[in-house]
Each structure stands twice: as structure tokens, then as C-alpha cells.
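Structure first, commentary second.
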Amino acid sequence: MIALERRPAPSAVWRWATPPLAVLLTMVAGGAMFAALGQDPLVAIRTIFWDPLFAEQFASYARPQLLVKAGPLILIAIGLAMGFRAGVWNIGAEGQYIVGAICGAAAGLALYPADTRLILPLMALAGALGGWAWAMIPALLRTRFGTNEILVSLLLVYVAEQLVAAMALGPLRNPDGGGFPGSRNLARWDSSANPELIVGTGMHWGVVAAFIAVIAAHVMFTRHLAGFQIRLMGEAPRAARFGGVRAGRLVILCFGVSGALAGLAGLFEVTGPAGQLNIDFGAGYGFTAIIVAFLGRLHPIGILLAGLLMALTYIGGELAQLTLGLPAAAIQAFQGMLLFFLLGVDVFTNYRLRLGRRRIA
Amino acid sequence: MSALLQVRGLSKAYPGVVANKDVDLTVQQGEIHALLGENGAGKSTLVKAIYGLVKPDAGTMALLGKPYAPPEPRAARRAGVAMVFQHFSLFDALSVAENVGLGMETPPRLRVLAAEIAQVSRAYGLPLDPAARVGDLSAGARQRVEIVRCLLQEPKLLIMDEPTSVLTPQEVEILFATLQKLAREGTSILYISHKLEEIRALCRRATILRRGRVVGTCDPRSVSTAQLAELMVGTSLKRPDREGRNRGPVVLALKDLSVPAPGRFGTALSGIRLTVEGGEIVGIGGVAGNGQDELLAALSGELPVGPRMIELEGEEIGTLGPVARRRLGLLAAPEERLGHAAAPDMSLTENAALTGWMREPILRRGFLDWKAARSFAQKVIESFDVRTPGPGTAARALSGGNLQKFVIGREVLQRPRVLVVNQPTWGVDAAAAAAIRQALIDLARGGAGVVVITQDLDEILELADRFAALNAGRLTPPVPTEGLTMERIGLMLGGAHDMDVARPDEAHQIMESYDAPA
């Protein structure tokens, strides 16, 4: 008989060993899946994890993509981690990301074709506010009426998707676009462009914002009272209330920050890599960021690494589709396995495995 | 009489602790056998082994002469061993009959079961309505549910773990009458307690454990309470020194404090009036679930109250939250250590900061100074003799008594004007309890007002200057503890109960009915 026995204290070794182990298990199980699809598993794994960074013919394109993709993931995941640590479940970052992009783009386009350096900062502010406002809906519904924030925030994603489609076809459509859906190209308008800051690295303002968020979050979690109270509320809600934490305020704070960061990520995406607001603007960063947050142990530094890893699977996945003809669904399944194995292996942080016939009461 | 249960050389070790070492125990048929010992002496481990919850490392057991080694509680129950736990395992939202049915291997139909419950509860003088919802019952009635659940299995051995800790003195009398009737009918009872008086009243034989070993077997009525206590503790304990206190002006005043019940099974507080002077210790007694948690929460600021209901040194603080109240000097230590007074997975340093940041120099411009928090934690650990490797240890790794010393010490060292504590020595060994009580007295000596909410009546007599009983959310007017008898306390505790008034004359009637021929 196999039994799980609760550890007297969570194992620090397992806490940090589980993510690499989960990656390893994902490679094994994913390799098996690729083999079942008729591919050489070793080649597939190499294509996903190695080629984007080190293969001559792909690296020049793929390497900058790493930061381009990791930037929004990290930025969103940092905000989500704040909430997740406090037991506040914002599952709707994708919606806040979209609404942030809409608001930021609208603020910029309202001033088109003005020429001033102030427009991008103004748009960033509008984007953050948009994401914040969208996140306030589930936050206020929860604190005022006790609704379930998981459901509300998730369902608002689909509302946001309809909204961006309506905007791309209606008010924000490019008047010079010959009737095609989609806004003006914000990346080509100097005042609103969010360019690659250092050529060949993929570094843009969104990546800078992500790095700043990582540092700020790290300082907040380790040193600031707010970070301490967030951890308290997540770990022991009654003790938190006893220690003067106001749960409602913290819910609003966590949703507000994660919404604003998601909105900011959306704005930097629409002004940079995406270029314009279009029907299919939402690319799933908001959902993938949930995986990134957990893969990174809800720890800022962990999230930084997890974001880079997740971005790599994105790029490598695309590459595998291109060169090996793997279906897109297989890549998504591969990414899903990562979260699955992480949560599975996570059990060992708090439990140890016991083999034998011993019964545990 | 012949031996029902024989335990020989039983040992059980946990990582770092030897819970039982070479324990011998013999329980005769039809006897009420006391298992005495301090908290942590190994009583619980021993009975858990008998009940099949713990597998001993060594030793043998025999039931009615046959080898007995239950791998799980189900086997123990089949063999005729039943147990009433200190903490009830009942579902608040279900009826008495449903709860009883859930604990049975093959429950009969609910209507049949209800009839059986009614019959058993009549036969043993355990007033109980099978259709009542458990959430509405008093602690005493809940315990009766557990007892009836056991009796329906017609056990040969009934284990009772600290059964009187939640009962009023009158309810205790009813329980004792029931146990004596059971014993007369041939059921053996293994009775666990650390209360010497009740053991002297109930039991003819006692096995005394200390640090996992049997240190003696005796007839508790033939030795003095002091001798028993010395056997249990190993040394003689000195009573706390209450002298040398000066009364000051009123520091805390509750003026018609009323709070609606928080949640489905909470207790509403109504019209509570109390004043506490500086240097005074007020004891608030009552059976669990009569509003103790709510009173603490209303005082700590966790439960919102009306603006004029609480005055701290003349200032109305009803609308203030926990942080503002603590800054003014009203501090509290709740009953539940893990999860309420302390965050289980956080270190002692972090737990010191949990309330410490409001009064200690730990917070600077919104940032926590962990070095200062650590030295505050270290100070608590040293001044209150908390046994732990260091402030980096997680709270949940500490024993109950050590964590309690830490939690009380954390508040006491913040120099409160008023300290409110709920069950300060619950589940704490005698030495630690004495240290905690002395710390509370010293705090009062320094001029602070202290409110001790407790179910331990001895603690009230030992600590408090005045006593008030909390009953269904109402507080009796406080009376001086000097010259107060247990009987009078019991009447105050039972006073406002409506449905299950447990009056002594009732208990006598029940006892008399046992003696009458059936």
C-alpha cells in the first residue's frame, strides 16, 4: 500500500525542487505524446527547448521573441501572484489585458495625429486604469455582495472579447483602412510606438515594466506591511483579521494591482508587438500567466524564470509546428501538462510518500 | 471482578518524543478507572492505541484474556471499545439522530434509530431530543449525543477523554450519575482527566502517567489531592502570588455591549455591562459556545460594535478596528492558537510581527524591520521560556503549551493597558499554566486591567478578583471571588439556560431513580 503522510513542516527542498521536476516530467510525458503523434520525441523536445535559443537558422528571429513573449506573461503573473497569495482568485486577467489595450489605444487615438512624447505615457496610464476598472467589477461584487470572484472575473473575459471585436469594427476602426477591421497601427505612429529599445533583444517598455514589477513585488512581499498582510490573509485568514488586516480592502487592492498590471501589459502589446487593436487581440497571455504564476511558486523571482520558460515553450512550440508539423493543440496540451505535473508533484511539499502496509489513522 | 483490558509494556515514540514507555494498565470489569496525568503525559496516545487510532511500537494488549490489537477504530468498536473524544465530531447542520447514524457501521432506519436514542437517553438519564439540530445544542447536550452514540453499540469499555472540560458543575453531576449506573451494569469506563477532585469523587482506582511512564497506581480516595498532584507533576507546584496589587481607575468599560450572532451557529451578545479597574483581574466563566469567542472578537475589534459600547480609559472606541484599539492599549489573545492567534506556517518572527508591528518599533514608513521583529520574538521566547530552536521556527512546529506561552508573552510584552485573554491555559501543562497565570498577575500588578475568559473554574478562583458568568451571550453581574463556592459558580453558569437547565435536584432525582428497582 502506498500512503501519504503529512510532513510536520513544509519541505523547503521540495518547494524549490518541484518546478524543475515538473519540467522534466512534462518533457517525458510530452515526448511520449509527440512519439504517439509519429515524431521523434528527442527532436521535438530539442526543437521546443533548444533550437529557439541556440540553433543558427532560428535564433536571430526567436531569441528576441523570448522577451517579447515573456514580458506580458511576467507582468500579468506578478499581479496575479499578489492575489493568489492572499487567496483572491483573479482568473480574468485576459479580460483586463484586453480592456487595458482598448482604453490605452482609445486614449492615444483620440489625440491622433498629435506629435508629442507624452502620448505613450498617457496611453500607459489609460491602459492601467482600464485594466484596473475591469478588475474592480469582480472585486466590488465580491466585497459588496459576496459573489464568487473566480466566476465573475472569468466570465468578464468573454465580455471583453466581444468588446474588443466591437471596437475593432466600430469606434476604433482605422478610417484609412479601407473598411478592414482593426485600428490604426500604433506601432508605426511615432508618438504611440513602443519600439524595441535595444536592437536584437526584444526589449520594449513592457519588458522594462515587467522587470520593475518583479523587483517591486519582491520588495513588497519581503519587506512591506502590505506584502506581509497579503501572505497572512492567504495562509491564515482568521489570524489576519486578528492582526488588523481588512479583507475587503485587500481584495480590492489585489484585484486593482493585478488588473492595472494586466491592462499595462495589454497596452504595451497593442503599441508594440501587436501594433494594432484587432478582433483577435486576446492571445491568451492572461490565462497562461496563471500557469506562470504557479510555476514560479507565486514568488517574483520564480515568476521571472517561469515566464521565460513559458515564453520558450510558446516560441519552441511555434517552431515545432513550423518545422515538424506538430498540431497547435499538441503544444497547448504540452503547456497544460506543465501545470498538471507541477500541481501533482507539489503534493510532496507537504506530504511524504510511505510505502508498505502501515496504516495511518 | 476480573480484568477486562490488560495492557503490558506498551511503548510508542514519535519523532523527538517518547509518548508512552513500558506502560502497564489493567481495567477491571465494571470499574471506573481513572487515567491521570498532565497534558503531554501520554494519556491520549495510550487511549488512542486502545482505540486503534495509534499503532504501538511495542507491547501487548488483551481484552477479556484474548489478544487484542485493533488496526483501526472500526475493529476496536467491533471488539466492544467505544470512545467519547474531548473535541466532538458532530455536524452542526444535522439532527441528533442523523449524527448518531453517521457514526454507526450499519445504521438502522432513521425512525428506528430515533426511538432507540430516545430509549437509551431515558434509561441513562441523558436528556436528548433525537430531532434537535446539533448546532442549536449546548456543549453538554452535544456530549450527550456522543455518549448515546457510544452506548448504542453496547460497549464493554467506554473511554472518556476529559469529558467535563465543557460542562457546568451540575451537568458534571448528571454525567457522573450516568457513568456510575453504567459501571454498575458491568460496563468498564476508562476516565481521563487532570482534575483531581472529580476523580476522587468518581473512581476507585487510578493509573497515573508522567512523561509517558506509569508512575503509580492508587485508590484516589485514599491519598490526598496534594499527593496525587505531586505524583502527576513530579514536583509540588506553588500557587501564583497574587499580592502587591493596587487598584487604579476604571480602564475598560462595557456599556450594554450587544452584537448580533456572527454566522449561523454563532452566539449573539446582549446587554453586556462590565467595568475593569487598573490592577484588577476579572474572570469570565461559562460553558463553551456561550459567547466567549464573540466577546473576545468584540473587544479585539474583529467584530464591529456600536460606537458607545466600549470605553478604554474613558475614550469611546467602539468604532475602531483592531489596529487602532491596539495602538490605544487594548490587546487580546484568542483561544485558538493555531490559525487565529498565530499563523501556523509562519515563523515565530513573523508571528511576533503579526500584532507586534502596531506597538513595537517594527514598522517604519510601511516597511517591516525584520531584524527588530526577530529581536522582539527572541525577547518573547526568552522572557516566557518558550522551548523552541529559535525565532525562525514555524508556529505549527511548537507544542501547544509553548505556542500559548509565546502568544501570551507577545501581548504581555507590548505593555497593554487592558489585556483580554480567552482560555489562556487550555491544553497547557501545569508548569506552563502556572507561568502564564503568574505573568497575567504581574501584568495587573503593573496597573493594567486583565479580563480572563475561561472555562476552567479553578483558574478563575486562582486568578480573578471578580467573577461573572457568560451565558447564552449574557453576562451576570460580577461578584467578588473571595468566599465564592463552586456550587454558587455553577448556579451562575447555569442561570439563564432555557432548554437544558441542569439543576442539581434533577441530578439527584436521576440518581435516585437508578437506585430504585426497575
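The values are calculated or read from the model by the stated rules, or taken from the named source; none is laboratory data. Everything numeric in this text was worked out from a predicted model, so none of it was measured. Every residue, glycine as well, gets a Cβ built from its backbone with ideal geometry; the counts of neighbours run over all protein chains shown. Accessible surface areas use protein heavy atoms only, side chains included; no ligands, DNA or RNA. Shrake-Rupley method; radii C 1.70, N 1.55, O 1.52, S 1.80 Å.
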message = As a test, work out the antiparallel percent of DSSP beta bridges whose residues both lie in the stretch B:250-484, rounded to the nearest 5.
response = 50
ask   = Solvent-accessible area per residue for the stretch B:3-233 at a 1.4 Å probe radius, Å²?
value = 41
Lys/Arg +1, Asp/Glu -1 at C-beta; the protein assembly as shown dipole; positive extreme among A:199, B:174, B:426 = A:199
inquiry  = If you filter the stretch B:21-115 for trypsin sites (Lys or Arg not before Pro), then keep DSSP loop positions with at most 10 other Cβ within 10 Å, what is left?
reply    = B:109
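Around residue B:409, with a cut-off of 10 angstrom between Cβ atoms, what is the net charge of the other residues, counting Lys and Arg +1 and Asp and Glu -1? Present the calculation step by step, with values, prior to reporting the outcome.
Values: positive: B:379, B:405, B:410; negative: B:382, B:385, B:411.
It works out to a net charge of 0.
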key: Net +/- balance of residues flanking residue B:162 in space, Cβ distance below 13 Å, scoring K and R +1, D and E -1   = -3
note = In the stretch A:114-211, the trypsin sites (Lys or Arg not before Pro) that sit in a DSSP loop and have at most 15 other Cβ atoms within 10 Å of their own Cβ are A:117
query = Once amide H atoms are built 1.01 Å from N in the peptide plane, which residues 5 or more positions from residue B:333, or in another chain, come under 5 Å H to H?
reply = B:420, B:421, B:422
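Below 12 angstrom from the Cβ of residue A:324, what's the summed charge of the other residues (Lys, Arg +1; Asp, Glu -1)? Mind dumping the intermediate values first?
Working: positive: A:46; negative: A:40, A:51, A:318.
Taking every other residue near residue A:324 into account, the sum is -2.
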Rounded to 10°, Cα long-axis angle of helix B:370-383 versus longest principal axis of chain B = 60
task = Find how many whole Å separate the alpha carbon centroid of the stretch A:102-175 from the alpha carbon centroid of the stretch B:20-37.
result = 72
ask   = Where does helix B:400-412 land angle-wise versus the long Cα axis of chain B, in degrees 0 to 90, nearest 10?
value = 20
query = Counting only complete DSSP H runs, which helices of chain A cover 18 Å or more along their long axis at the Cα atoms and score a mean Kyte-Doolittle of -1.0 or above?
reply = A:12-36, A:56-86, A:93-110, A:119-145, A:149-169, A:205-223, A:247-271, A:300-324, A:328-350
task = Quick one: check the C-alpha center-to-center distance for the stretch B:321-358 versus the stretch B:382-460, whole angstrom.
result = 13
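State the percentage of accessible surface on chain A attributable to carbon and sulfur atoms; use a 1.4 Å probe and exclude ligands, DNA and RNA. Walk me through the numbers on the way to the answer.
Values: 10650 of 16050 Å².
The nonpolar share, carbon plus sulfur, comes to 66 percent.
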Nearest-10 value in Å² for the accessible area of residue A:50, using the 1.4 Å probe = 140
query = Under 22 Å Cα-Cα from residue B:195, which lysines qualify once same-chain neighbours fewer than 8 residues away are excluded?
reply = B:43, B:48, B:181, B:238, B:405
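Summing both sides, how much accessible area is buried between B and A? Use a 1.4 Å probe and give Å² to the nearest 100. Working shown, then result.
Details: alone 22560 and 17320 Å², together 37420 Å².
For B against A, buried area totals roughly 2500 Å².
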ask   = In Å², what does the accessible area per residue of chain A work out to with a 1.4 Å probe?
value = 44
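So if I place +1 on the C-beta of Lys and Arg and -1 on the C-beta of Asp and Glu, and nothing else carries charge, what would the dipole magnitude of the stretch A:241-347 be about its Cα centre? I want it in debye, nearest 20.
Working: 4 positive and 4 negative charges, 117 e Å.
Dipole magnitude for the stretch A:241-347 comes out near 560 debye.
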